[in-house]
1. Rounded to the nearest 500, what is the 222 nm mean residue ellipticity of the chain from helices alone, with -39500 (n - 2.57) per DSSP H run of 4+ residues and division by all residues?
2. Please list, short to long, the whole-number percent of alpha-carbon pairs of the range 14-99 in consecutive 5 angstrom bins beginning at zero.
3. Using r as the Cβ-Cβ distance of residue 25 and residue 115, and R0 as 25 Å, what FRET efficiency do you calculate, to the nearest 0.05?
4. Specify the inter-centroid distance of the range 126-177 and the range 39-115, based on alpha-carbon positions, in whole Å.
5. Order the peptides 165-177, 115-127 from the highest to the lowest mean number of other Cβ atoms within 10 Å of their residues.
6. In square nanometres and to one decimal, what's the mean projected area of the convex hull around the Cα atoms of the range 120-244?
7. Rounded to the nearest 20 Debye, what is the dipole magnitude of the chain about its Cα centre when Lys and Arg each give +1 and Asp and Glu each give -1 at the C-beta?
8. Along its three principal axes, how long is the chain when you only count alpha carbons? Whole Å, largest extent first please.
Amino acid sequence: MQFQGVVPGAGPQWAIRLFGGWQLMRDDAVPDVASRERRLLSVLALQDGRPRSYLAGLLWPESDETRALGNLRAALWRVQHRCQGLIADEHALVRLDRSVRVDVLDLIDLADQIALGELPDRKAAMVVLTSGDLLPGWYDDWVIDERERLHQVRLRALESLTDLLIARGDADGALHAAMTAASIEPLRESAHRALIRVHLMFGNHVDAVRVYRSFHRRLSTDLGISPSSQIVDLIRPLIEVRTATPQRTPSPV
């Protein structure tokens with residue numbers, strides 16, 4: 001599967017990793033980039049094509065406009081001279097060169113494919129979907145907003161992938177995707193519904209009930225609420241059958 005940001009047959013290529021920690025790479029080389037340039041490159045990796053004034057205000061919100069634009073010019077100069085071919089400065093807009101591979105784009109492209117019902121290679125997909133949080137340890141407002149957005153993209157993709165793998169009859173793959181979603185967000189009901197659907201589809205009724213009861217206890221303990229009717233309806237037939245089954249009376253000795 002060819003993700004967005006990869007140029008087939010291209011030569012040496014820049015790549016930026018934002019999930020699980022920041023890294024800039026070109027082939028096997030890892031250039032040393034200062035914090036100011038890292039922040040600029042991260043914004044450009046997350047937000048394609050921005051005016052200079054926007055970037056200056058976002059990255060240096062506590063500086064006046066003149067100083068912020070000066071900081072931006074200095075950061076651009078350092079990147080363009082030390083990492084040629086990484087940034088395309090089009091005067092009106094500043095963006096990464098189209099050849100740069102960004103792991104965030106890999107995730108978004110994969111999520112779009114899954115949402116359209118296209119089933120990717122499972123192992124390759126799970127590598128992308130378990131690549132860690134966005135820029136851990138960064139607390140800028142724009143990073144926090146993007147981190148939450150991409151967190152939701154990841155979870156929805158895992159849940160949708162679960163359904164696609166169930167339809168294919170891939171029990172192991174569906175279970176892995178569903179359990180990953182539930183472990184990432186233990187209080188997310190849609191993730192637990194996906195996990196229960198996997199168990200039900202493959203006849204693991206005891207596991208389905210166990211997942212439901214564990215989730216019910218966690219919701220009650222942590223939030224003081226009960227699961228919705230959607231998840232209860234998945235389990236109700238199993239509980240009703242068990243309740244309706246008459247208890248056998250031991251025969252006298």
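Only the coordinates and a few stated rules stand behind these numbers; no lab work does. Note that this is a predicted model, so its numbers are computed, not measured. Here Cβ is always computed from backbone atoms with ideal geometry, including for glycine, and neighbour counts include all displayed protein chains.
1. Values: 10 runs with 148 residues, N = 253.
It comes out at -19000 deg cm²/dmol, rounded to the nearest 500.
2. Spelled out per bin, shortest first, that is 3, 14, 28, 27, 17, 8, 2, 0.
3. Values: r = 29 Å, r/R0 = 1.15.
Efficiency, rounded to the nearest 0.05: 0.30.
4. Using only Cα atoms to place each centre, the spacing works out to 24 Å.
5. Numbers: 165-177: 18.5, 115-127: 13.5.
So the peptides 165-177, 115-127, ranked by packing, come out 165-177, 115-127.
6. Numbers: hull surface 35.5 nm².
If I average the Cα hull's projected area over directions, I get 8.9 nm².
7. Details: 31 positive and 33 negative charges, 119 e Å.
Dipole size: approximately 580 debye.
8. Principal-axis extents of the Cα atoms in the chain, largest first: 92, 43, 29 Å.
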